[in-house]
Amino acid sequence: ATAGRSAPVIDTGAFFDCEVTQVRHYTGTLFSFRAARPQSLRFRAGEFVMIGLAGDGKPVLRAYSLAGPSWDDALEFYSIKVEDGALTSRLQHIRPGDRVLVGKKPTGTLVLDALLPGRRLFLLSTGTGVAPFASIVREPEVYARHEQVILTHTCCTSAELAYSRELAAGLKDDPLVGEAASEKLHYFASVTREDGPQTGRITDLIQSGLFFRHIGQPRFDPEHDRVMICGSLAMLEDLKAILEGLGFAEGSNARPGSFVVEKAFSETSR
Ligand code: A2P
């Protein structure tokens, strides 16, 4: 490498040290960024990886969902900003040209392989829990495996839906999945702390039936439907109880089932 310039990706042994190529801020508490992708970093859509910033001493690492599709030549991440967060207090200030540390072993349960075949795939998210689904809906395989893909995102305010709204709007122009997504993807968004076109927690909307009425589709059927859930711990537990009550069985990489869950890895100040 030329003196004073670094390669887009440097293998430090324990990590890949990657150049940040793009940063977007959506609200005072939400942003996304892209970084150069190590050629040898392979992952399945929906997996997460450890992220950190180099500094003095041992780097602070946090799990982050890989929000970009597995075929992309860059990595994408979607993050909350926490003022006193060990990582995001610094991460929120990154700019193109800065570097992030990326772990070498992507893993996770929100993968298509952990689900049995099924006609409809529901991707239910709150907050930054939409990140793994941003990867999955840009993956051609998801449309090959399922007849319908229904992405839901619930946040407190409409401004916090910007990332998923743009994602959903851009899908139809995607060169790889545009056609399939136009035909098969449904995007449903709701807010809980202000008035919006749709208001209410996804749990309540599912139980009242309003969600299904809105998307114009029948209610959950464990035989043909598959569900992925990503959000806060409370949201996961509530949705899990609803699904299990309907006869859905949790799956894993080792034993595929009819639904899978993963906590959104948001750093919190609590
Ligand atoms: P609410 O405003 O009613 O708490 P957070 O950013 O705190 O993770 O919240 C993101 C969204 O998740 C909010 O809209 C919030 O609704 C919703 N939410 C919080 N807890 C649950 C739950 N147990 N089940 C379903 N949705 C939830």
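For C156, the residues 5 or more places off, or on other chains, whose built amide H falls under 5 Å of its own are T192.
Sorted ascending by nearby beta carbons within 10 Å, beginning with the fewest, C156, C18 become C156, C18.
By the rule of a C-alpha distance below 19 Å, with chain neighbours fewer than 8 residues away ignored, the lysines paired with K104 are K58. Remark on G257: its backbone amide H falls under 5 Å from those of L115, L116, G251, S252, a criterion applied only to residues 5 or more positions apart or on other chains, H modelled at 1.01 Å from N. Note that the chain shows a convex hull volume over its alpha carbon atoms of 133 Å³ per residue. Extension gain for the segment S252 to R193, taken as residue separation times 0.36 nm less the Cα-Cα distance, is 17.9 nm to one decimal. Determine which lysines satisfy two conditions relative to K184: a Cα distance under 28 Å, and not lying fewer than 8 residues away in the same chain. Reachable lysines: K172, K240, K263. Over the residues of the chain, the helix contribution to mean residue ellipticity at 222 nm works out to -5500 deg cm²/dmol, using -39500 (n - 2.57) for each DSSP H run of at least 4. The translational diffusion coefficient of segment 9-103, from Stokes-Einstein at 10 °C and 1.306 mPa s with a Kirkwood hydrodynamic radius over alpha carbon pairs, comes to 119 µm²/s.
Can you give the angle from 0 to 90° between the axis of helix 233-245 and the longest principal axis of the chain, with both taken from C-alpha atoms, to the nearest 10? On a 0 to 90 degree scale, this one is about 30.
Here, segment 30-70 is characterised by an Rg to Rh ratio of 0.98, where Rg is the alpha-carbon radius of gyration and Rh the Kirkwood radius.
With both residues required to sit in the chain, DSSP beta bridges show an antiparallel share near 50%.
In a DSSP loop and with at most 13 other Cβ atoms within 10 Å, the GluC sites (Glu not before Pro) in segment 1-88 are E83.
Charging the Cβ of each Asp and Glu at -1 and of each Lys and Arg at +1, and nothing else, the dipole of segment 112-263 about its Cα centre rounds to 140 debye.
The mean of 1/r over all pairs of different alpha-carbon atoms in segment 67-205, once inverted, gives a Kirkwood hydrodynamic radius of 16.5 Å. Phi-derived couplings, Karplus 6.51 cos²θ - 1.76 cosθ + 1.60 at θ = phi - 60°, listed residue by residue for segment 184-201: 10, 8, 10, 10, 10, 10, 9, 10, 10, 10, 7, 7, x, x, 10, 10, x, 5 Hz, with x used for Gly and Pro. Of all the options G103, G129, G216, the one that moves most in a Gaussian network model of the chain with Cα springs shorter than 10 angstrom is G216.
Separation of segment 127-178 and segment 181-223, taken as the distance between their Cα centroids, equals 14 angstrom.
We did not get these values from a lab; they are worked out from the coordinates using the rules stated. In this text the structure is predicted, and so the values were computed from the model without any measurement. So basically every Cβ, Gly included, is an ideal-geometry build from the backbone, and we count neighbours across all protein chains shown.
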